[in-house]
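Chemist: I am attaching a structure below and will ask some questions about it afterwards.
The values are calculated or read from the model by the stated rules, or taken from the named source; none is laboratory data. Predicted model, so just to flag it, every value in this text is computed and none were measured. In this analysis, Cβ positions are derived from the backbone assuming ideal geometry, glycine residues included, and neighbour counts consider all displayed protein chains.
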Amino acid sequence: MSEMLTKPVKRRDFLGIVTIGTFAVAMAAALAGILRFFRPTVFSELSKKYKIGKPGGFPLGEVRVPPGRSVYVFHDESGFYAISSRCTHLGCIVKRGHDEFLCPCHGSRFKLNGDVISGAATRALDWYDVSMAPDGQLVVDEGKKVKKGTVFFA
């Protein structure tokens, strides 16, 4: 047995072993690809249109961020409106200061109406449609951008 371990492998045998090993790896990769094909790759996504509650649940002057969303919903004397909390530069989440929005990533600053004050961002924050559902709840539609200043009065 010790002779078999010390005996050198012939070149032809070595190439045959490498060929068989390469073929086995290629077949395993092909099989993995075929099995992955049958597994769904669809990721569930939050709806861009969602209810945020009845107007009576929003005191005048309140600013609310719906859980799990990237939008600020304002209620003031003019009505309800929704402004994106994603910076228009690279999509970082802006934080609301006393009288402005601040982007922690690259220092962009926005007025409370979404206009750019300074920083890397070149355009204002997006405004989204706010409407009323048949059941009396307010609905924000992040899939429907509206002109800055568009307010829903309830």
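Chemist: Just to check your reading of the model, which residue among Ala82, Ala29, Ala121 is among the small types (Gly, Ala, Ser) and more than 21 Å from the chain's Cα centre (by Cα)?
Modeler: Ala29
Chemist: For Gly16, all conditions in the list (1) loosely packed, with under 10 Cβ neighbours inside 10 Å; (2) not assigned by TED's automatic domain parsing to the domain that holds Asp129 hold save one; what is the number of the exception?
Modeler: Going through (1) loosely packed, with under 10 Cβ neighbours inside 10 Å; (2) not assigned by TED's automatic domain parsing to the domain that holds Asp129 one by one, Gly16 breaks only (1).
Chemist: Evaluate the following for Val63: is it surrounded by 15 or more Cβ atoms within 10 Å (Cβ to Cβ) and either within 24 Å of Glu45 (Cα to Cα) or of a type in the set (A, V, I, L, M) (or both)?
Modeler: Judged against the criteria, Val63 is not a match.
Chemist: Search region 75-91 for residues being touching a residue at least 24 places away in the same chain (Cβ under 8 Å) and under 15 Å from Leu138 (Cβ atoms), and hand back the single one that is surrounded by the most Cβ atoms within 10 Å (Cβ to Cβ).
Modeler: The residue in question is Ala82.
Chemist: Filter region 1-57 down to the residues that are touching a residue at least 40 places away in the same chain (Cβ under 8 Å) and among the hydroxyl-bearing types (Ser, Thr, Tyr) and list them by number.
Modeler: Within region 1-57, just Tyr50 meets the criteria.
Chemist: Right, another one. Can you name every residue in region 41-66 that is of a type outside the set (Ser, Thr, Tyr), outside any strand (DSSP E or B) and more than 22 Å from Leu112 (Cβ to Cβ)?
Modeler: Correct list: Val42, Phe43, Glu45, Leu46, Lys48, Lys54, Gly56.
Chemist: Let me ask another. When you check His98 against the structure, is it surrounded by fewer than 14 Cβ atoms within 10 Å (Cβ to Cβ), touching a Leu at 6+ places or on another chain (Cβ under 8 Å) and not in a strand (DSSP E or B), yes or no? It would help to see each step written out before you state the result.
Modeler: On the way: surrounded by fewer than 14 Cβ atoms within 10 Å (Cβ to Cβ): yes; touching a Leu at 6+ places or on another chain (Cβ under 8 Å): no; not in a strand (DSSP E or B): yes.
When the stated conditions are applied, His98 does not pass them.
Chemist: Now a separate question. Being of a type outside the set (Ser, Thr, Tyr) and surrounded by 11 or more Cβ atoms within 10 Å (Cβ to Cβ), is that true of even one residue in region 21-42? If you could, list the steps in order and put the result at the bottom.
Modeler: Residues of region 21-42 of a type outside the set (Ser, Thr, Tyr): 21, 23-40, 42.
Subset that is surrounded by 11 or more Cβ atoms within 10 Å (Cβ to Cβ): none.
No, there is no match, as no residue in region 21-42 is of a type outside the set (Ser, Thr, Tyr) and surrounded by 11 or more Cβ atoms within 10 Å (Cβ to Cβ).
Chemist: What are the residues in region 116-147 that are more than 13 Å from Phe74 (Cα to Cα), of a type in the set (D, E, K, R) and surrounded by 14 or more Cβ atoms within 10 Å (Cβ to Cβ), if any?
Modeler: Asp126, Asp141, Glu142
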